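The structure appears below as structure tokens.
The values are calculated or read from the model by the stated rules, or taken from the named source; none is laboratory data. None of these values were measured; they are calculated from a predicted model. Neighbour counts are summed over all protein chains in view; Cβ atoms, including those assigned to glycine, are modelled from backbone coordinates with ideal geometry. What goes into the accessible areas is simple: the full protein's heavy atoms, side chains included, and nothing from ligands, DNA or RNA. Shrake-Rupley method; radii C 1.70, N 1.55, O 1.52, S 1.80 Å.
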Amino acid sequence: MWIRPWRQRLFPDVRLRQQAAAIVRRWGADTLAPFALRSDKEWFITGQTLIAYRVVRGIALISGDPVGPPLEAGPAVDRFMAHAEARGWRTAVMGASDRLLQTYRDRGLHPLYHGDEAVLGIQGFSLDGRSMRATRQAVHRLERKGFRAEVVMAGDVPPALREELAAVEHAWLRGGARKGFTMELDSLFRLDGDDAVFVIGRDEQGQITGFLHLAVCPPSRALSLSTMPRQRDAPNGFTAWLITETVSWARGQGYTHVSLNFSPFAGLLAAKAEMPRMQRLQRRALLRLKGILALQLDNLLRFNAQFDPAWQPRYVIVQAWTDLPRIAVAAMAAEGYLPHATLIRGRGWAPGPDQAATVEPPAAVPRAVPVEEPVRGLRPATGGPATGGPATGRPRAGAAAAAGGEVPAGRGHPGRP
């Protein structure tokens, strides 16, 4: 442990990546499952289950719940923890759902509430009612101006349109790097074919004003929002209008729900009743942290609330409460929100150039890997111990006005530019 390299490097493995993508298509019902295919993650595959993760300063950050058959989840967690323990890593799960909380508890792990994911039910969504007044007005305003939406599957995007979409995103980021790790993709074209969809908004002259980039979750017939870049001069309510257009299209295609932004600590920030003293202190600390790191916290909550969504809690899973400070630093560095995050996660965070390619859909799901023989697809760093074993490894950010409120630019990250 003392002499190993402190940073973890990634090495391209096309076969392993295709296998991970096939597992996500077959078993990825959770709305965070597609984000396991980011190129800055490693993959631990056992049986038919995928665990996507990355090690930051000795903390193995797992991205979402294990993806695979429900009955394999517990054994997969056991095998990963044994893999991590053999390497001296501490384990944490980011963005865990409530579906496997008991599975984690049975293994001595501790869930900590992190926030809520805003999810729209397709069939029940409507602009009627007083609570939807602001969104309804925004939609009508954009329609009167002649805005129109088009939907294009990722595999059907022609080269010229790819360039236009990339230009809009580049302008939105102002040349900066993408952020995120757990709750959005790392590239507009990380997913190809029918695995992702673009909902593009054009003005009355046909120019692209902005778009939504959504991943498809085939097992649950869900769409999961990754990013929503837009031009700086987009009119108020543009993103709200684009989301309603997405829901309308998804309803006709047989999708069941759309996952929007993840709101960190929504249960704490949204509390209107008198809170205990400790919660008041926590809320005050969060708002202070928001100002220091320019995070989107209560802004995300207000934006999500205008659509009257269902709220689904997400958790951080830790091995011990004393690990929390290290996990917090590692997670914020992985997401890219800490100043000088590269110094914490290492300059080798970006993958090799070959790994940045999109995944071609396989003809069929490959043969399951036996549980007793985890895939070892990653080579160790030169001169150090193995960093790859069995594939080692919805609030979003930015500011824009929608129906008079601020709109985050990424899926669920509190600090998007």
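Each part reduced to its alpha carbon centroid, the range 70-90 and the range 102-151 end up 33 Å apart.
Keeping all protein chains in position, work out how much accessible area Lys179 exposes to a 1.4 Å probe, and write it in Å² to the nearest 10. Surface accessible to solvent at Lys179 totals approximately 50 Å².
Taking the accessible area of the range 111-161, probe 1.4 Å, and keeping the other protein chains in place, the carbon and sulfur fraction comes to 50%. A Förster radius of 56 Å combined with the Cβ-Cβ distance from Arg105 to Glu163 puts the calculated FRET efficiency at roughly 0.70. For the pair Ala86 and Trp311, a Förster radius of 51 Å applied to the C-beta separation gives a FRET efficiency near 0.85, rounded to the nearest 0.05.
Per residue, the range 22-178 exposes 41 Å² of solvent-accessible protein surface, assessed with a 1.4 angstrom probe and all protein chains in place.
Binning all Cα-Cα separations of the range 18-147 at 5 Å, short to long from zero, yields these whole-percent fractions: 2, 9, 17, 19, 15, 9, 6, 7, 7, 5, 3, 1, 0.
Ordering of 226-238, 152-164 by packing is 226-238, 152-164, highest average first (other Cβ atoms within 10 Å, averaged per residue). Think of the range 5-107 as a dipole: +1 on every Lys or Arg Cβ, -1 on every Asp or Glu Cβ, centred on the Cα centre; then among Ile45, Leu16, Leu100, Leu16 lies furthest on the positive end. Only protein heavy atoms count here; under a 1.4 Å probe, His110 has an accessible surface of about 60 Å².
Modelled this way, with points 7 Å down the Cα-to-C-beta line, the labels at Ser187 and Leu127 are 3.7 nm from one another.
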